[in-house]
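Take a look at the structure below.
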Amino acid sequence: MKLLLDTANLEDIRYFNTYYPIVGVTTNPTILSKEGGDVLKLLRSIREIIGSERQLHVQVTESTYEKIVEEAEAIVAFLGKNTFVKIPATDEGLRAVQTLSAKGYGITVTAVLTAAQALLASNAGAAYVAPYVSRLENICADGVGTVADIAEIFAISGTTTQILAASFKTAKEVLDVAAVGCHTATVGSDVMKKLLQHPTTDTSVAGFASDWKTAFGEKTLLECLKK
Ligand code: G3P
């Protein structure tokens, strides 16, 4: 399962883009609003940091068919290749997904809460559907189970639409969707960090360093090899 970063914070994007194997960045109006300022400059900066080969998902703010189509085309014209337009799973949105997909735009249908919405998005030609895992789990619904249902439906139909699971509050939810066949997941900075962190990894690394020094002194293996 591939991972994307769910933030518009430039410092975090720079960090994770350097150290973690992310394939892109996802945003939405709420995520952009947390950073504030000049939104075009912000989006342009994200594109500059991740380069043209990684995915950048940007959500429309218009809500009617004609305006969604116009806005989607303007977003892609502004941010270039590998830009995916996020469109919410509404009637107007679904109509726009069909038009834009037929024209070759990469569309991510977002705010997906049911497998039925995912099925419709797939039939409309979406490249991705984004089920909101934690928002479901938080209302005692089965977020991971919904992703599993979508994965099964997509596998049976043979659609090219992929699942881009979103809205994670815990690292375990990320692993759980990976285990039920989710293709990609977008994860906030805190959860991304938690996917790697482990105190026993830290104590193990400290133990290796201390044992090395006790046996071989201050020189690293690289320094010995270069001699
Ligand atoms: O991509 C946006 C989605 O992840 C929503 O996340 O944390 O607002 O439920 P959240």
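Bear in mind these aren't lab numbers, they're just calculated from the coordinates by the rules spelled out. Treat the numbers as computed from the prediction; the structure is a model and nothing was measured. Virtual Cβ from ideal backbone geometry, glycine too; neighbours counted across all protein chains shown.
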Check your understanding: Toward the positive end of the charge dipole of the stretch 2-196, about the Cα centre and with charges on Cβ (Lys, Arg +1; Asp, Glu -1), which of Val180, Asn28, Leu79 goes farthest?
Key -> Leu79
Review point. How big is the chain by the Kirkwood estimate over distinct Cα pairs, in Å?
Key: 19.0 Å
Revision key, fill the gap. Going residue by residue through the stretch 115-120, the Karplus relation 6.51 cos²θ - 1.76 cosθ + 1.60 with θ = phi - 60° gives ³J(HN,Hα) values, rounded to whole Hz and with x marking Gly or Pro, of 5, 5, 4, 5, 4, 5
Exercise for review: Can you check what the Kirkwood hydrodynamic radius comes to for the stretch 75-195, Cα pairs only, in Å to one decimal?
Suggested key: 14.4 Å
**Study point:** All-pairs alpha carbon distance profile, the stretch 1-131, 5 Å steps from 0, percent
**Key:** 2, 11, 22, 23, 20, 13, 7, 1, 0
Review point. Hull surface divided by four, with the convex hull built on the Cα atoms of the stretch 67-142: how many nm²?
Key: 5.1 nm²
Review point. Using the count of nearby Cβ atoms within 10 Å as a rough guide to exposure, how do Ile87, Ile22 rank from fewest to most?
Key: Ile22, Ile87
Check your understanding: Taking the chain as a Gaussian network, Cα atoms linked when under 10 Å apart, which of Ala185, Ala209, Ala165 shows the biggest mean-square fluctuation?
Key -> Ala209
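To the nearest 20 debye, what charge dipole does the chain have about its Cα centre, counting +1 at the Cβ of each Lys and Arg and -1 at the Cβ of each Asp and Glu?
Values: 21 positive and 25 negative charges, 144 e Å.
Computed about the Cα centre, the dipole is about 700 debye.
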Study note, to complete from the structure: For the chain, longest principal axis from Cα atoms; helix 199-216 axis from its Cα atoms; angle between them, nearest 10 degrees, is 30 degrees
